[in-house]
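First the structure, in the form of structure tokens, and then the observations on it.
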Amino acid sequence: MDPYILGQQLINGLTLGSIYGLIAVGYTMVYGIIGMINFAHGDVYMISAYISAIVLAVVAYFGIDSIAFALLLTLIVTMVMTGFYGWCIERTVYRPLGGTSRLAPLISAIGVSLVLQNYMQLSQGPNVQGVPAMITGNLRIGGAEHFIQVKYMSLVIIAVSVLAMLLLTWFVQGTSLGRQCRATQQDRRMATILGIDTARVISLVFVIGSVMAAIAGVLVTQNYGSFDFFIGFIIGIKAFSAAVLGGIGSLPGAMLGGLVLGCLESLFSGLVSSDYKDVFSFGVLVLVLIFKPSGLLGRPAVEKV
């Protein structure tokens with residue numbers, strides 16, 4: 001096997017897996033707190049792609065030349081606005097149905113997903129949208145015939161993803177709000193008795209998950225340069241699979257699952273066939289869950305009596 005081809009596919013896989021991991025965090029945090037899946041999370045990511053494109057257009061209109069400042073401003077505005085979408089979804093879909101069965105919020109989330117898709121299709125049009133790449137260029141490793149080509153944008157994606165996960169880990173492990181999140185995850189009723197505002201914690205978790213999806217949305221639009229109103233469906237399924245693969249409810253598991261899934265897809269595409277990469281990835285997911293049902297880093301569920 002050519003080591004350069006292997007290295008190239010690993011770089012591509014780490015880039016793709018970083019995106020999966022960022023989105024998977026939203027699935028795993030919501031599941032960890034309320035024990036349900038937010039099926040609208042992929043469409044929150046889709047919304048962030050549109051917001052980032054609009055913000056970039058506004059930035060260009062005002063003639064801001066600094067690429068670093070433009071990207072940072074776009075990232076911050078997109079995170080804030082996408083976080084607001086996440087907060088609205090929790091307040092309008094999950095909180096009013098919190099006392100009902102688990103099925104009602106899940107069906108409502110699917111409805112929100114369809115509403116968001118149609119809303120963006122009607123407001124922005126059904127056509128594929130594009131944004132200009134602000135970070136271009138490649139890093140070449142190797143000689144003239146055999147080399148590994150690493151886009152600078154790929155390095156930015158990996159670096160931003162690692163930084164975002166480190167900040168999120170610090171927030172969960174080292175802050176008062178993070179301790180409240182962990183207490184709510186372990187036992188929501190006991191956390192309420194101890195004075196923790198669990199409703200606020202749940203809203204916060206939806207906002208954090210949406211913010212992580214917003215980071216992924218900004219990075220993906222800059223990396224691929226195009227998007228449409230349907231991009232949230234496929235990548236949402238992939239990110240959910242990554243969360244399950246890593247152990248849903250585990251933050252390190254979400255990132256690990258994303259990286260493993262991204263590398264598997266990339267290696268299979270580059271070395272075998274890109275037509276069946278999804279079949280291969282989901283086949284590996286099934287095999288892992290057969291032998292380790294709680295995922296790579298997940299813990300078996302304990303029934304409380």
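The values are calculated or read from the model by the stated rules, or taken from the named source; none is laboratory data. These figures come from a predicted structure and were not determined experimentally. Because the Cβ atoms are built from the backbone with ideal geometry, glycine has one as well, and the counts that use them run over all protein chains shown. Surface areas here come from the heavy atoms of the whole protein model, side chains and all, with no ligands, DNA or RNA. Shrake-Rupley method; radii C 1.70, N 1.55, O 1.52, S 1.80 Å.
So the values come out like this:
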| quantity | calculated |
| --- | --- |
| Residue pairs meeting the criteria (Cβ under 7 Å; at least 6 apart or on separate chains; first modelled with pLDDT under 80, in the stretch 82-110; second assigned to a loop (DSSP other than H, G, I, E, B)) | ARG102/MET36 |
| Positions within the stretch 113-149 being at pLDDT below 90 and of a type in the set (Val, Ile, Thr), in sequence order | VAL131, ILE135, THR136, ILE141, ILE148 |
| Wholly enclosed helices (runs of 4 or more DSSP H) of the stretch 181-296 bearing at least 1 residues open to solvent by less than 10 Å² (accessible area, probe 1.4 Å) and within 23 Å of MET36 (Cβ to Cβ) | 188-193, 198-224, 231-246, 251-271 |
| Matching option when the condition is at pLDDT 90 or above and under 30 Å from LYS151 (Cβ atoms), among VAL207, VAL218, VAL201 | VAL218 |
| Search result, residues across the stretch 15-37 that are within 16 Å of VAL201 (Cα to Cα) and either touching a strand residue (DSSP E or B) at 6+ places or on another chain (Cβ under 7 Å) or not in a helix (DSSP H, G or I) (or both) | GLY35, MET36 |
| Single condition ASN12 does not satisfy, out of (1) modelled with pLDDT under 90; (2) of a type in the set (S, T, N, Q); (3) open to solvent by 40 Å² or more (accessible area, probe 1.4 Å); (4) in contact with a helix residue (DSSP H, G or I) (Cβ under 6 Å, 6 or more places away or on another chain) | (1) |
| Number of the condition not met by ILE33 [criteria: (1) open to solvent by 30 Å² or more (accessible area, probe 1.4 Å); (2) modelled with pLDDT under 85] | (1) |
| Hey, SER281 more than 19 Å from GLY13 (Cα to Cα), small (Gly, Ala, Ser) and touching a residue at least 24 places away in the same chain (Cβ under 8 Å) or not | no |
| Cβ-Cβ under 8 Å pairs, at least 6 apart or on other chains, the stretch 156-181 side within 22 Å of ILE135 (Cα to Cα) and at pLDDT 90 or above, far side open to solvent by 40 Å² or more (accessible area, probe 1.4 Å) and assigned to a helix (DSSP H, G or I) | ILE158/LEU14 |
| Odd one out for ALA144 among (1) free of Cβ contacts under 8 Å to residues at least 12 places away in the same chain; (2) farther than 24 Å from GLN8 by Cβ; (3) hydrophobic (A, V, I, L, M, F, W, C) | (2) |
| ALA199 being of a type outside the set (Ser, Thr, Tyr) and more than 30 Å from ALA70 (Cα to Cα) | yes |
| Flag if SER101 is within 24 Å of the chain's Cα centre (by Cα) and either over 25 Å from LEU22 (Cβ atoms) or open to solvent by less than 60 Å² (accessible area, probe 1.4 Å) (or both) | no |
| Tabulated pairs, the stretch 32-51, first free of Cβ contacts under 8 Å to residues at least 60 places away in the same chain, second of a type outside the set (Lys, Arg), C-beta under 9 angstrom, 6+ apart or interchain | none |
| From the options ILE141, ILE148, residue that is open to solvent by 80 Å² or more (accessible area, probe 1.4 Å) and of a type in the set (Val, Ile, Thr) | ILE141 |
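The rows are residues; the columns are (1) within 21 Å of ILE23 (Cβ to Cβ); (2) assigned to a helix (DSSP H, G or I); (3) open to solvent by less than 90 Å² (accessible area, probe 1.4 Å).
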residue	(1), (2), (3)
ALA49	yes, yes, yes
VAL58	no, yes, yes
GLY63	no, no, yes
PHE69	no, yes, no
THR74	yes, yes, yes
THR78	yes, yes, yes
ARG91	no, yes, no
MET120	yes, yes, yes
PRO126	no, no, yes
